[in-house]
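The values are calculated or read from the model by the stated rules, or taken from the named source; none is laboratory data. Everything quoted here is computed from the prediction, not taken from an experiment. Neighbour counts are summed over all protein chains in view; Cβ atoms, including those assigned to glycine, are modelled from backbone coordinates with ideal geometry. Protein only, heavy atoms only, side chains kept; ligands, DNA and RNA dropped before computing areas. Shrake-Rupley method; radii C 1.70, N 1.55, O 1.52, S 1.80 Å.
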Amino acid sequence: MRSNKLFILFIMFFSITFAKSSVDDLMKKANDLYVQGQFEDAIKIYNSLIGEGYEGTSLFYNLGNAYYRTGKIGYAILYYEKALKHSPDDEDVMHNLQLAQLNIVDKIEALPSFFVFRIWETVLGFFSSEGWLILSYILLLVVLFALGFYFFAQNITQQRIAFYSFVFVLVLFFASVSLMIVKLNQEENLRFGVVLESSLTAKSSPDPQGKDAFVIHEGLKVRVEDKVDKWVKIRLEDGQVGWVENFSVGII
């Protein structure tokens, strides 16, 4: 019985090691093809890895670079955005994304927002949901430490310091938890996409016979709000709303 378990563990370990080795080999092959200037072949391998469920900053970043070199700005921006979603502070990704964005035709000004909302979004954007979770955990430990210090304080002065510290950090803890919940909800429900077509006409309704609403171009980042059959509802930064076919917008 024990030998069977060891055999199963060995098979699992071997399978995982082999799979990782296979992925590493494919990544190296794609990277070599990119260096050799065979961008289309590199793109096929990168996409095959994504199709098998693999993802990550390096994979998305390299694919974005390959698309950029083939002139497919929409796809390049899409995968730079995906890479940035994994690693928000990656300077190389941000630099290449900014370079790619210089090729965007549309220059849309965002609607002015109330300064309180701007402050809220700035604070919310300090961390991802995982970052707010880690901060909440640290603050909880500090709260427990302050509470323990209060009970074991040897004089009134120490108790006062511990009590006020406890209250202050407790407020920060609840604020951090609230921001984590909001950020998590935002990440799950707020979706953005990138226009992949060189020119795209949005409709006023999810119907090819619908009235033309506006025209946008490759590489523009839009907010995706709804889906009906093969149509998705998008919103621009200036507030305009329209419907486009789902294949024309890549979801970040």
Long-range neighbours under 9 Å by Cβ, at least six apart or interchain, first residue over 17 Å from Leu59 (Cβ atoms) within the range 84-113, second open to solvent by less than 100 Å² (accessible area, probe 1.4 Å) and of a type in the set (Asp, Glu)
Asn103/Glu218; Ile104/Glu218; Val105/Glu218; Ile108/Asp238; Glu109/Asp238; Ala110/Asp238; Leu111/Asp238; Ser113/Glu121
Does Ala153 qualify as being in a loop (DSSP other than H, G, I, E, B) and surrounded by 15 or more Cβ atoms within 10 Å (Cβ to Cβ)?
yes
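Yes/no matrix, rows are residues, columns are (1) over 15 Å from Ile252 (Cβ atoms); (2) surrounded by 15 or more Cβ atoms within 10 Å (Cβ to Cβ):
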residue	(1), (2)
Lys44	yes, no
Tyr61	no, yes
Ala66	yes, yes
Gly74	no, yes
Lys85	no, yes
Glu91	yes, no
Gln98	yes, no
Lys107	yes, no
Count - residues of the range 109-119 that are open to solvent by less than 80 Å² (accessible area, probe 1.4 Å), under 26 Å from Ile216 (Cβ atoms) and over 22 Å from the mean Cα position of the chain (by Cα)
1
State all residues of the range 158-201 that are of a type in the set (Gly, Ala, Ser), surrounded by 14 or more Cβ atoms within 10 Å (Cβ to Cβ) and closer than 17 Å to Leu236 by Cβ; if no residue qualifies, say none.
Gly193
If you take the residues of the range 124-150 that are part of a loop (DSSP other than H, G, I, E, B) and touching a residue at least 12 places away in the same chain (Cβ under 8 Å), which of them is nearest to His86 (Cα to Cα)?
Ser128
State which residue pairs qualify: first residue over 12 Å from Asn62 (Cα atoms) and in contact (Cβ under 8 Å) with a residue 12 or more places away in the chain and inside the range 30-46, second residue open to solvent by less than 60 Å² (accessible area, probe 1.4 Å) and among the hydroxyl-bearing types (Ser, Thr, Tyr) in any location, beta carbons under 9 Å apart, and separation of 6 or more residues or different chains.
Glu40/Thr70
List every residue pair whose Cβ atoms sit under 6 Å apart, with the two residues 6 or more apart in sequence or on different chains, where the first one lies in the range 62-82 and is of a type outside the set (A, V, I, L, M) and the second, anywhere, is modelled with pLDDT under 95 and surrounded by 21 or more Cβ atoms within 10 Å (Cβ to Cβ).
none
Quick check on the range 120-137: of everything there that is aliphatic (A, V, I, L, M) and out of contact with any Ser or Thr (no Cβ under 9 Å at 6 or more places or on another chain), which residue is least open to solvent (accessible area, probe 1.4 Å)?
Leu124
Applying the selection to the range 202-224, what residues are surrounded by 14 or more Cβ atoms within 10 Å (Cβ to Cβ) and assigned to a strand (DSSP E or B)?
Ala202, Lys203, Ala213, Phe214, Ile216, His217, Lys221, Val222, Arg223, Val224
For the range 48-56, indicate whether the set of residues that are within 16 Å of the chain's Cα centre (by Cα), open to solvent by less than 40 Å² (accessible area, probe 1.4 Å) and of a type outside the set (Asp, Glu) is non-empty.
yes
Scan the range 89-109 and tell me whether some residue there is of a type in the set (Gly, Ala, Ser) and part of a loop (DSSP other than H, G, I, E, B).
no
